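Input: a single structure, listed below in structure tokens.
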Ligand SMILES: [Fe+2]
């Protein structure tokens, strides 16, 4: 019986795969190649993310317009011919590495976020039912969040802006965890530290499960007695977490102390700065930011900028000065997922603010100067783009999702049109 050609070539060759980077002239590029680096800063290019596959003729032409050469990632295969009793003959073939495209990167981030949310909801309801706190799966969820924040912090931080008031406790816990991991990454912490920090942040408010809903969701100011019950969520959390021997011990410290202040005016104990750990200091800042920028049944959330101003004002007394400064720099004036109104009246959604160009982000324009929908297109403020009347685009203000009738979540769910390509974070 004859062997198939495929089987026989497999028998005759041994294949070694090696990932390599190669510099190519833009005229040598073809569709399907993975572009790892451009010869100019990404922030000055019309491309959204670092590293992408050339998927369309449009992308190819855009790369040719803005670069002379690029670095592509290739998977090189060395086919070594096996010839008994003879010297092995080497044949080289090159295949282009398959990487994730933008759509699946965003979908992945969303999948991680939704999985974390379902897990934390289950965890909270089992604690409310008096069941033992299961921590094994929690570690897995946080580890996946760390992976995604390390890959693409913009995509996950964008998701922290899409708040659903019905799921406040679960979303707040995940947002605090993601923001803490992102800040830890920004402060150049090691991966194992980010995982521990993520666990501490995720469980920081777990004691609220023992506080009555009428107090948690009261639409008017709390009485002194109600406030003192609310403040006890730190003590309840300490008790709940101390019952578990397999949980990272820092989680007890963070849950117990995240309302303490450097000046000793916090609760529940009013301890001084020397007793407040770095993880607690980080969680205190991101917890305050997420709480201030969230809508609650009793108050409308602040804008990101106003929340950052408050953190800046209280740095050194309430918040750790160094971590607060780093957090403000990380979030920036123009956070992705927020709306930007231009001086000409047009409105867009902020996509990314790249290092070195925080004040000149990329924006998807969605409303024209009369606040009517316009075909979505991306402008890169670092390139000083002009509107249809020849005036340079300039930022006038930044607003939360919901302003101008724009729900950023809706835009993402139904798919944005970028460079002629439809993508949806909820697709797949
Ligand atoms: Fe709290």
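The values are calculated or read from the model by the stated rules, or taken from the named source; none is laboratory data. Here the structure is a predicted model, which means the values were calculated and not measured. Every residue, glycine as well, gets a Cβ built from its backbone with ideal geometry; the counts of neighbours run over all protein chains shown.
For the reader, a short list of remarks on this structure follows.
- Among all residues of the range 72-84, there is at least one that is closer than 28 Å to residue 379 by Cα and either modelled with pLDDT of 70 or more or assigned to a helix (DSSP H, G or I) (or both).
- Residue 402 satisfies every condition listed in (1) in a strand (DSSP E or B); (2) over 21 Å from residue 109 (Cβ atoms); (3) touching a strand residue (DSSP E or B) at 6+ places or on another chain (Cβ under 7 Å); (4) modelled with pLDDT of 80 or more except (3).
- For the range 174-183, the count of residues that are more than 18 Å from the chain's Cα centre (by Cα), away from the ligand (no atom under 16 Å from the Cβ) and either at pLDDT 90 or above or assigned by TED's automatic domain parsing to the domain that holds residue 294 (or both) is zero.
- Test: residue 329 is outside any strand (DSSP E or B), modelled with pLDDT under 95 and surrounded by fewer than 17 Cβ atoms within 10 Å (Cβ to Cβ): yes
- Residues that are more than 21 Å from residue 123 (Cα to Cα), modelled with pLDDT of 95 or more and touching a strand residue (DSSP E or B) at 6+ places or on another chain (Cβ under 6 Å) do occur in the range 278-296.
- Contact map, the range 301-329: first residue free of Cβ contacts under 8 Å to residues at least 24 places away in the same chain, second residue in a loop (DSSP other than H, G, I, E, B), Cβ cut-off under 7 Å, separation 6 or more or different chains; pairs are 302/293; 307/293.
- Test: residue 305 is modelled with pLDDT of 95 or more, more than 15 Å from the ligand (Cβ to nearest atom) and assigned by TED's automatic domain parsing to the domain that holds residue 217: no
- Condition met for residue 281 (within 16 Å of the ligand (Cβ to nearest atom) and either more than 20 Å from residue 156 (Cβ to Cβ) or not in a helix (DSSP H, G or I) (or both)): yes
- Hey, residue 170 in the same structural domain as residue 127 (by TED's automatic domain parsing), within 8 Å of the chain's Cα centre (by Cα) and either buried (at least 24 other Cβ atoms within 10 Å of the Cβ) or assigned to a helix (DSSP H, G or I) (or both) or not: no
- Filtered residues of the range 290-318 (kept if assigned to a loop (DSSP other than H, G, I, E, B) and under 21 Å from the mean Cα position of the chain (by Cα)): 293, 294, 295, 301, 302, 303
- Scanning the range 191-237 for residues that are over 30 Å from the mean Cα position of the chain (by Cα), touching a residue at least 12 places away in the same chain (Cβ under 8 Å) and away from the ligand (no atom under 15 Å from the Cβ) gives 212, 218, 219, 220.
- Hey, residue 207 surrounded by 14 or more Cβ atoms within 10 Å (Cβ to Cβ), in the same structural domain as residue 132 (by TED's automatic domain parsing) and farther than 16 Å from residue 281 by Cβ or not: yes
Matching residues to (1) more than 27 Å from the chain's Cα centre (by Cα); (2) touching a residue at least 40 places away in the same chain (Cβ under 8 Å); (3) within 16 Å of the ligand (Cβ to nearest atom):
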residue: 240; (1), (2), (3): yes, yes, yes
residue: 247; (1), (2), (3): no, yes, no
residue: 254; (1), (2), (3): no, yes, yes
residue: 259; (1), (2), (3): no, no, yes
residue: 268; (1), (2), (3): yes, no, yes
residue: 285; (1), (2), (3): no, yes, yes
